[in-house]
Amino acid sequence: MFVCGQCILSTAAFIFVFCFRYNGSLPNGDRGRRKSRFALCKRTKANGVKPSTVHVACTPQAAKAISNKDQHSISYTLSRAQTVVVEYTHDANTDMFQIGRSTDQSNSDTQSVQSTISRFACRIICERNPPYTARIYAAGFDSSKNIFLGVSFKLFSFDGWTNYKWGPCEHPRNGFVEDSKPGVWREISVCGNVFSLRETRSAQQRGKMVDSETNELLDGSLIDLCGATLLWRTAEGLSHTPTVKHLEALRQEINAARPQCPVGFNTLAFPSMKRKEVVDEKQPWVYLNCGHVHGYHNWGNKEERDGKDRECPMCRSRGPYVPLWLGCEAGFYVDAGPPTHAFSPCGHVCSEKTVAYWSQIPLPHGTHTFHAACPFCAQQLMGEQGYIRLIFQGPVD
């Protein structure tokens with residue numbers, strides 16, 4: 001997944017787009033366009049576009065607009081004999097960013113990772129001047145600056161979408177803060193109109209237009225692109241979010257308290273945030289049904305039971321036994337509280353209010369279902385709440 005266009009730092013407010021499941025960085029590092037987050041900043045030169053002339057019939061002017069590589073256009077095919085073409089003209093007051101699968105040639109010897117989203121999934125138009133409003137639209141212009149919608153799309157006043165250009169978006173109520181509540185998923189069309197969701201992604205019947213809402217992106221808005229989920233954060237919103245340095249300080253504070261394993265009495269320690277997914281010998285482990293934190297041990301791992309179903313030595317409750325990992329992507333936190341809770345069943349640790357928030361967010365899954373997931377790894381949450389309070393034992397000396 002990539003955000004098209006070079007990002008130039010400036011005095012203007014900037015926006016970060018965070019990708020779910022990467023927990024702060026990709027396994028092989030953030031390189032080139034393959035990153036776990038992207039900064040959208042004011043460009044040195046505006047490249048935004050806005051609707052201009054509409055050709056209702058298949059005319060020579062319409063054909064010229066389609067073939068003109070310097071002219072942005074959207075073509076709606078009504079039938080074999082008729083096409084509606086909407087020409088777009090340059091807008092000096094906005095910048096455009098496009099999101100989709102990268103089509104660049106790579107010199108890497110590694111095989112390209114397959115993406116579930118369209119090459120041209122959506123486009124975001126940002127104002128270059130205060131208040132720097134950003135709006136999202138389904139579908140993106142291709143390398144020839146065209147968007148083609150075939151006969152399979154639905155046309156509503158020169159608006160539409162296809163099965164592969166589905167742009168649902170959710171805005172949190174009260175913003176992305178401690179007391180935020182889940183919003184409602186909407187579908188954004190090619191022209192930026194807002195609709196209620198269809199029954200399934202492939203349904204031919206569109207949802208109802210929601211006149212009271214707009215396609216403006218707000219701090220904490222979620223964007224789903226056929227399985228790839230993005231979190232939109234503004235510069236102002238991130239100013240109230242803990243930094244990576246703050247999370248590192250919290251990690252060191254926990255380790256300085258010298259939590260111990262109640263079985264082996266060995267001191268536990270969260271590994272460096274740079275060593276994600278590498279189990280350390282001092283790694284804390286947790287029983288997800290009760291929250292008691294231990295070091296790794298073989299207690300309760302009887303042959304007749306599944307290796308993931310263990311018995312806690314402290315309270316005898318049985319359930320999954322997993323290593324704990326700190327949530328390293330600060331952009332997913334709703335507050336700067338201590339890491340006292342863990343998502344279930346993945347074991348990613350963050351603040352209480354952060355786990356409570358994400359456990360209430362229904363994320364699109366498949367063509368018509370939703371479920372809550374851990375933002376750090378995108379794994380579906382399990383259990384009554386989807387998270388557990390951690391119970392550490394302090395040093396006995």
Tell me the strands (runs of 3 or more DSSP E) entirely within region 107-155 that contain at least 1 residues that are modelled with pLDDT of 65 or more and among the aromatic types (Phe, Trp, Tyr).
-> 134-138, 146-149
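Somewhere in region 163-172, is a residue at pLDDT 90 or above and either within 22 Å of the chain's Cα centre (by Cα) or not assigned by TED's automatic domain parsing to the domain that holds Arg233 (or both)?
The initial filter retains those residues of region 163-172 that are at pLDDT 90 or above, namely none.
Within region 163-172 (the criterion being at pLDDT 90 or above and either within 22 Å of the chain's Cα centre (by Cα) or not assigned by TED's automatic domain parsing to the domain that holds Arg233 (or both)), the answer is no, since none of the residues qualifies.
If you go through region 258-277 one residue at a time, do you hit one that is closer than 26 Å to Pro375 by Cβ and among the β-branched types (Val, Ile, Thr)?
No: zero hits.
Among the residues of region 266-273, is any farther than 19 Å from Val244 by Cβ, assigned by TED's automatic domain parsing to the domain that holds Ala342, at pLDDT 85 or above and part of a loop (DSSP other than H, G, I, E, B)? Don't jump to the end; show me each part of the working.
If we filter region 266-273 for residues that are farther than 19 Å from Val244 by Cβ, which is where we start, we get 266-268.
Then keep just the ones that are assigned by TED's automatic domain parsing to the domain that holds Ala342; that gives 266-268.
Filter again for at pLDDT 85 or above, leaving 266-268.
In the following step, the residues that additionally are part of a loop (DSSP other than H, G, I, E, B) were identified as 266, 268.
Looking through region 266-273, at least one residue is farther than 19 Å from Val244 by Cβ, assigned by TED's automatic domain parsing to the domain that holds Ala342, at pLDDT 85 or above and part of a loop (DSSP other than H, G, I, E, B).
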Restricting region 39-55 to residues that are among the hydrophobic types (A, V, I, L, M, F, W, C) and surrounded by 14 or more Cβ atoms within 10 Å (Cβ to Cβ), the one nearest to Asn93 (Cα to Cα) turns out to be Ala46
Report the residue count in region 304-363 for those that are polar (S, T, N, Q), without any contact (Cβ under 8 Å) to a residue 40 or more places away in the chain and either surrounded by fewer than 18 Cβ atoms within 10 Å (Cβ to Cβ) or over 18 Å from Val244 (Cα atoms) (or both).
-> 2
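Please go through region 340-371 and give me each residue that is touching a Leu at 6+ places or on another chain (Cβ under 7 Å) and either modelled with pLDDT of 95 or more or basic (Lys, Arg) (or both), ordered by number. Walk me through it before giving the result.
First pass over region 340-371, keeping only residues touching a Leu at 6+ places or on another chain (Cβ under 7 Å): 340-345, 347, 349, 359, 370-371.
Listed by number, the residues that qualify are Thr340, His341, Ala342, Phe343, Ser344, Pro345, Gly347, Val349, Ser359.
Out of curiosity, is Lys69 outside any strand (DSSP E or B), at pLDDT 75 or above, out of contact with any Phe, Trp or Tyr (no Cβ under 7 Å at 6 or more places or on another chain) and more than 30 Å from His240 (Cα to Cα)?
Working: outside any strand (DSSP E or B): yes; at pLDDT 75 or above: yes; out of contact with any Phe, Trp or Tyr (no Cβ under 7 Å at 6 or more places or on another chain): yes; more than 30 Å from His240 (Cα to Cα): yes.
Criteria met by Lys69.
Condition check ((1) acidic (Asp, Glu); (2) out of contact with any helix residue (DSSP H, G or I) (no Cβ under 8 Å at 6 or more places or on another chain)) across all residues:
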residue: His341; (1), (2): no, no
residue: His348; (1), (2): no, yes
residue: Glu352; (1), (2): yes, yes
residue: Val355; (1), (2): no, yes
residue: Gln360; (1), (2): no, yes
residue: Phe370; (1), (2): no, yes
residue: Ala373; (1), (2): no, no
residue: Tyr387; (1), (2): no, no
Write out, first by first residue and then by second, each pair whose Cβ atoms fall under 9 Å of each other, whose residues are 6+ apart or on separate chains, and whose first residue, in region 376-393, is without any contact (Cβ under 8 Å) to a residue 24 or more places away in the chain while the second is surrounded by 18 or more Cβ atoms within 10 Å (Cβ to Cβ) and in a strand (DSSP E or B).
-> Gln380/Leu363; Gln380/Ala373
When you scan region 313-379 for strands (runs of 3 or more DSSP E) that lie fully inside it, which ones turn up with 3 or more residues that are over 17 Å from the mean Cα position of the chain (by Cα), of a type outside the set (A, V, I, L, M, F, W, C) and at negative phi?
-> 318-323
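Going by what's in this entry, would Phe176 be described as at pLDDT 70 or above, aromatic (Phe, Trp, Tyr), in contact with a helix residue (DSSP H, G or I) (Cβ under 7 Å, 6 or more places away or on another chain) and crowded, with 21+ Cβ neighbours inside 10 Å? It would help to see each step written out before you state the result.
On the way: at pLDDT 70 or above: yes; aromatic (Phe, Trp, Tyr): yes; in contact with a helix residue (DSSP H, G or I) (Cβ under 7 Å, 6 or more places away or on another chain): yes; crowded, with 21+ Cβ neighbours inside 10 Å: yes.
So Phe176 fits the description; yes.
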Conditions (1) closer than 23 Å to Arg34 by Cβ; (2) under 17 Å from the mean Cα position of the chain (by Cα): number failed by Met273 | (2)
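The values are calculated or read from the model by the stated rules, or taken from the named source; none is laboratory data. Computed from a predicted model, the values in this text were never measured in an experiment. Reconstructed Cβ throughout: ideal geometry from the backbone, glycine too, with neighbour counts over all protein chains shown.
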